[in-house]
Amino acid sequence: MKTASAPAPQAANQWEILLPTALDHGFDYLAPADMPLEPGTLVTVPFGRSESLGIVWNKGTANVPPGKMKTIARTLTQFPPLSKPMRDFIDWAAWYNCAPHGAMLKMVIPIPTIATEGRTRADAFATHIDTDTLKLASLSGLQKDAATALEHKLTSGFSVNLLDGVTGSGKTEVYFDTIAHALKANHTNQVLVMLPEIALSVQFLSRFESRFGFAPALWNSEITPARKRATWQAIATGEARIVVGARSALFLPYKHLSLLVADEEHDSSYKQTEGVIYHARDMAVARARFEQIPVILVSATPSLESHYNAKQHKYTELSLPSRHGAAEMPDIELIDMRQTLVERDSFVSPPLRQALADSLAGGHQSMLFLNRRGYAPLLLCRACGHRFQCASCSSWLVLHRSKPRLECHHCGHREKVPDACPGCQAEDSFHPCGPGVERLQEEVGKFLPQARIGILASDSATGFAEISQTITAMSEGKIDILIGTQMIAKGHHFADLAVVGVIDADLGLAGGDLRASEHTYQLLHQLSGRAGRESVRGKVYLQSYLPDHPVMQALVSGDRDRFLAAELTARQNAHMPPFARLAAIIVDGEKEDQVMRAANQLAATAPRSPGLHILGPAPAPLSLLRGRFRYRLLARADRKLNLPDIMKQWVQSQQPPASVRIKTDIDPISFL
Ligand code: ADP
Ligand code: ZN
Ligand code: ZN
C-alpha cells in the first residue's frame, strides 16, 4: 500500500493503522510495550482532535522523527481481529474499484462508534439455532438436485453457483435449504443473503421467519444507528448467524462467513454509484474467493455476464425450468399502441382496461407498472411553450399531485407550482405532459371507481414503514390494483395476482445504452413473473410502440436463451462486456470551462496501449447535476489488460483545479 521508496527498518512496535478516511493510506503509530497486536486487531488511536477506530494493517514503515509519533490508545479485544481473507479482500477491492483504502474501510466501519459504544439488553440475536425444528419445504425433483449440489459446495471451498430458475420455480426454497445445511454443519457458520432493494425484504423476512423460526439480522440504510451498532457487533462476534442485507452488508466483518447468497443477481441496484463506486454482486464473488466459500447468484433473468460465465463453465449452473406445483407461466400479450385508439390524456388502452375490469370482477388482483414517479414528467405552458426545468440539473421538473409541487428527481429540488407562467404570465395555461403513477391512479379511479387502488413508488418521502404497509395490504388482498414503479417488479409473491399491465414497455429502450435491451428484458420478465404464481392463471399486457423489437418478441415467445445468445453475439461483435472491459471517467465541477479543460487534459494524456481504446470526452447525457457540469470519458480494454492500474495511474497524473472532481467507475452500468 505504501509508495515510499525503500523504507528504513522501523521500531518493532511501529504499526500502520488503517482508518476510515478518504485517504489511500493509513498512519503509523507506536504500540505501548505491553499491548499485544497483530494485523487485523481493532484499535482506537488519537486522530486529529479526537480518537478514531482503526485496524492494524501492516508493520509501520514511515519515517517519523522520534517523539513525533503518536501511541495507540487501546485495543478492542472483545472483537476478533479482522481476518487475513477480509484484509486481503479490502486491499483487492480498493485496487479493483480504484478507491482509497480508507474509503473502503469506511464501509467496514460505517459509524465511528460502531465498536466502541455498547449495546442495549434488547439487542438479542438468534445465536443458538435448533436446526432440527426448521420447517423447510420438501423439495421436488429438480429442486432437490440443485439443493444437493449446493450442499456439496458448502464443503468444497470457493465456487460460484448460478441458480437460474423461472419466477416461482422455488429458487428461494432451494437456497433456504442450503442455508439450513450451512447452519447445521457448524455452530459458528454465518450466512449473508443480499437483496437488491429494501422493498424486497418485507415479504422475505416473514417468509424467512416462518421457515426458520427466528428473525435474521437485518442490515440496510433504514435501520437506526443504535440498531446498526448492535447488528455490527453481533456480526463481528459471530452471534448473528444469518444476515439479510443490502449491498453494504457485504463489507461487514463477519467472524465466520460460510455462505453468500445474492438474490436477483442481475439487479442494477447492486451497483453503488455514490461514494465508492462498486458492484456488490461482483464484490460478493470476490469476497467468496478470498474466504474460500461458495456464493449463490440467484435470478430468473441472469445478467449477461453471469450467464456467459456459466456457459464458459466458470460458474456452476443450476436450472429450475418450470414453476413449482401446478402454477404455469403467464401468457404475455403485446398491445400494439400504433394501432390502438386511446382517448386524449388517457394512458391505459381499451384492452388493458378490459383486462383490469375482468380481473376485478373475478375477485382477483392486478398490477400496473410505470417507471415514473409523480403525476406527470413534464409541465408545459400551452400559451408560450415554457417548460419547467431544474435550475441545477439538465432535467425537467416532475409534477406531483399527492404532495402538490414540482420536483427534480435528480437533485430533490422542490418548488410550488406558480399561479402564472414565468414565461408569459398567462394563468391556467399549464398542461401536464405524459403520465406518472399518480396520474394512472387518477385514470383507473375514473373507469373503475369501485377498485381499491394502492401506489408503490420509491418517493423520497416513503420510508420502509410505508412501503411495507402497502405490500402487506396487497398480500392480504386489501388492494385490488397496485400501481407502481420498478419497486413492484421484484421478488414479490402475491398469491391472487392475475393481471400485470405495463404502460410503457419501451421506456427503458430509449437512450440506447449498452444494456438497454438486457435490462428491459429483465425488468419486463420479472414483472411478468409476478402474475399467476399460484392457482389463478396470470396474464401480462405490454403496451408497446415497438412490438417487433427483439426484446418484445423474446418476451412473448418465452425464448429467453435465444435472446441472450443474440445479445452475446452483438456484444462480441461490438467488442463490449463481457468480451471486453469498460471503465468510465466522470469529470464534474461548478465551472463548465474548468471541467471541459480537465476532461480535454485527460484525453490529451490518455494512456496508449494495444487493446485500449479511449472514447470522449463528451458532455454527459445528464450534463448538469446538482449544479455541477459533467463530462465523461470511456475506456474500453481487452480483458487481459490491467484496467484498474491503467486508470489509477492516468487519473493520478492529473492536476485539475481543486473544485473539479475526477471519478472512476469500473464496469459502469449507467452512462448518464
Ligand atoms: P422463486 O424464488 O423461484 O421465485 P419461490 O421459492 O418463491 O420461487 O417459490 C414460489 C412459490 O412456490 C412459493 O410460494 C413457495 O413457497 C412455493 N414452493 C416452491 N417450492 C416448493 C416446495 N418444494 N414445496 C412447497 N412449496 C414450494
Ligand atoms: Zn407561458
Ligand atoms: Zn435537479
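What the table below lists for this structure:
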{"item": "Pick from region 383-415, criterion within 16 Å of ligand 3 (Cβ to nearest atom) and more than 21 Å from residue 623 (Cα to Cα), ranking: surrounded by the most Cβ atoms within 10 Å (Cβ to Cβ)", "result": "399"}
{"item": "Residue in region 406-418 that is within 30 Å of residue 477 (Cβ to Cβ) and either within 16 Å of ligand 1 (Cβ to nearest atom) or at pLDDT below 95 (or both) present", "result": "no"}
{"item": "Tally, over region 285-315, of residues that are closer than 23 Å to residue 203 by Cα and touching a helix residue (DSSP H, G or I) at 6+ places or on another chain (Cβ under 6 Å)", "result": "5"}
{"item": "Of residues in region 611-632 being over 25 Å from the mean Cα position of the chain (by Cα) and closer than 22 Å to residue 409 by Cβ, the one least open to solvent (accessible area, probe 1.4 Å)", "result": "627"}
{"item": "Filtered residues of region 6-20 (kept if part of a loop (DSSP other than H, G, I, E, B) and within 19 Å of residue 100 (Cα to Cα))", "result": "19, 20"}
{"item": "Long-range neighbours under 8 Å by Cβ, at least six apart or interchain, first residue closer than 11 Å to residue 233 by Cβ within region 112-138, second in a loop (DSSP other than H, G, I, E, B)", "result": "115/76; 115/79; 115/109; 116/76; 125/239; 125/240; 125/241"}
{"item": "Any hit, region 209-218, residues being free of Cβ contacts under 8 Å to residues at least 40 places away in the same chain and among the charged types (D, E, K, R)", "result": "yes"}
{"item": "So residue 295, is it in the same structural domain as residue 149 (by TED's automatic domain parsing), away from ligand 1 (no atom under 16 Å from the Cβ), within 18 Å of residue 159 (Cα to Cα) and not in a helix (DSSP H, G or I)", "result": "yes"}
{"item": "Residue list for region 633-645, filter: over 23 Å from residue 573 (Cβ atoms) and open to solvent by 30 Å² or more (accessible area, probe 1.4 Å)", "result": "642, 645"}
{"item": "Filter result for the condition that a residue is open to solvent by less than 50 Å² (accessible area, probe 1.4 Å), in contact (Cβ under 8 Å) with a residue 40 or more places away in the chain and away from ligand 1 (no atom under 16 Å from the Cβ), over 309, 371", "result": "309"}
{"item": "Residues that are over 17 Å from residue 288 (Cα atoms), within 13 Å of ligand 1 (Cβ to nearest atom) and aliphatic (A, V, I, L, M), drawn from region 172-212", "result": "174, 200"}
{"item": "Given (1) touching a Leu at 6+ places or on another chain (Cβ under 8 Å); (2) outside any loop (DSSP other than H, G, I, E, B); (3) open to solvent by 10 Å² or more (accessible area, probe 1.4 Å); (4) within 16 Å of ligand 2 (Cβ to nearest atom), number of the condition residue 380 does not satisfy", "result": "(1)"}
{"item": "Flag for residue 166 being within 16 Å of ligand 1 (Cβ to nearest atom) and of a type in the set (Val, Ile, Thr)", "result": "yes"}
{"item": "Residue within region 439-446 that is of a type outside the set (Gly, Ala, Ser) and not in a helix (DSSP H, G or I) present", "result": "no"}
{"item": "Test: residue in region 122-138 that is open to solvent by less than 30 Å² (accessible area, probe 1.4 Å), among the acidic types (Asp, Glu) and either outside the structural domain of residue 204 (by TED's automatic domain parsing) or part of a loop (DSSP other than H, G, I, E, B) (or both)", "result": "yes"}
{"item": "Those strands (runs of 3 or more DSSP E) lying entirely in region 21-110 with at least 1 residues in contact (Cβ under 8 Å) with a residue 12 or more places away in the chain, touching a strand residue (DSSP E or B) at 6+ places or on another chain (Cβ under 6 Å) and open to solvent by 40 Å² or more (accessible area, probe 1.4 Å)", "result": "27-30, 50-59"}
{"item": "Set 589, 501: member being among the small types (Gly, Ala, Ser), at pLDDT 95 or above and not assigned by TED's automatic domain parsing to the domain that holds residue 358", "result": "589"}
{"item": "Residues of region 440-458 that turn out to be open to solvent by 30 Å² or more (accessible area, probe 1.4 Å) and acidic (Asp, Glu), as a count", "result": "1"}
{"item": "Enumerated strands (runs of 3 or more DSSP E) restricted to region 469-587, each holding at least 2 residues that are touching a Pro at 6+ places or on another chain (Cβ under 8 Å) and open to solvent by 10 Å² or more (accessible area, probe 1.4 Å)", "result": "539-544"}
{"item": "Sole residue being among the β-branched types (Val, Ile, Thr), out of contact with any Leu (no Cβ under 8 Å at 6 or more places or on another chain) and surrounded by fewer than 18 Cβ atoms within 10 Å (Cβ to Cβ), chosen from 605, 664", "result": "605"}
{"item": "Filter result (assigned to a strand (DSSP E or B) and in contact with an Asp or Glu (Cβ under 6 Å, 6 or more places away or on another chain)) within region 365-377", "result": "365"}
{"item": "Condition met for residue 24 (at pLDDT 90 or above, charged (D, E, K, R), under 32 Å from the mean Cα position of the chain (by Cα) and not assigned by TED's automatic domain parsing to the domain that holds residue 237)", "result": "yes"}
{"item": "Residue that is more than 14 Å from ligand 3 (Cβ to nearest atom) and at pLDDT below 95, where the choices are 353, 344", "result": "344"}
{"item": "Residue selected from region 139-166 under the condition in a loop (DSSP other than H, G, I, E, B) and over 27 Å from residue 531 (Cα atoms), by the criterion least open to solvent (accessible area, probe 1.4 Å)", "result": "157"}
{"item": "Options 564, 555, 622; residue that is modelled with pLDDT under 95 and within 16 Å of ligand 3 (Cβ to nearest atom)", "result": "622"}
{"item": "Qualifying residue in region 385-399 (condition: of a type in the set (Phe, Trp, Tyr), modelled with pLDDT under 95 and more than 16 Å from ligand 1 (Cβ to nearest atom))", "result": "no"}
{"item": "Leading residue by the ranking (nearest to residue 612 (Cα to Cα)) among those in region 632-662 that are among the β-branched types (Val, Ile, Thr) and touching a helix residue (DSSP H, G or I) at 6+ places or on another chain (Cβ under 6 Å)", "result": "662"}
{"item": "Subset of region 181-227 (residues that are under 22 Å from the mean Cα position of the chain (by Cα), among the aromatic types (Phe, Trp, Tyr) and modelled with pLDDT under 90)", "result": "204"}
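This table checks each residue for (1) farther than 27 Å from residue 390 by Cβ; (2) not small (Gly, Ala, Ser).
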position	(1), (2)
577	yes, yes
582	yes, yes
591	no, yes
610	yes, yes
617	no, yes
626	no, yes
641	yes, yes
653	yes, no
667	yes, yes
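The values are calculated or read from the model by the stated rules, or taken from the named source; none is laboratory data. Computed from a predicted model, the values in this text were never measured in an experiment. Cβ: placed from backbone, ideal geometry, glycine included. Neighbour counts: every protein chain shown. Keep in mind that these areas ignore ligands, DNA and RNA; they rest on the heavy atoms of the full protein, side chains included. Shrake-Rupley method; radii C 1.70, N 1.55, O 1.52, S 1.80 Å.
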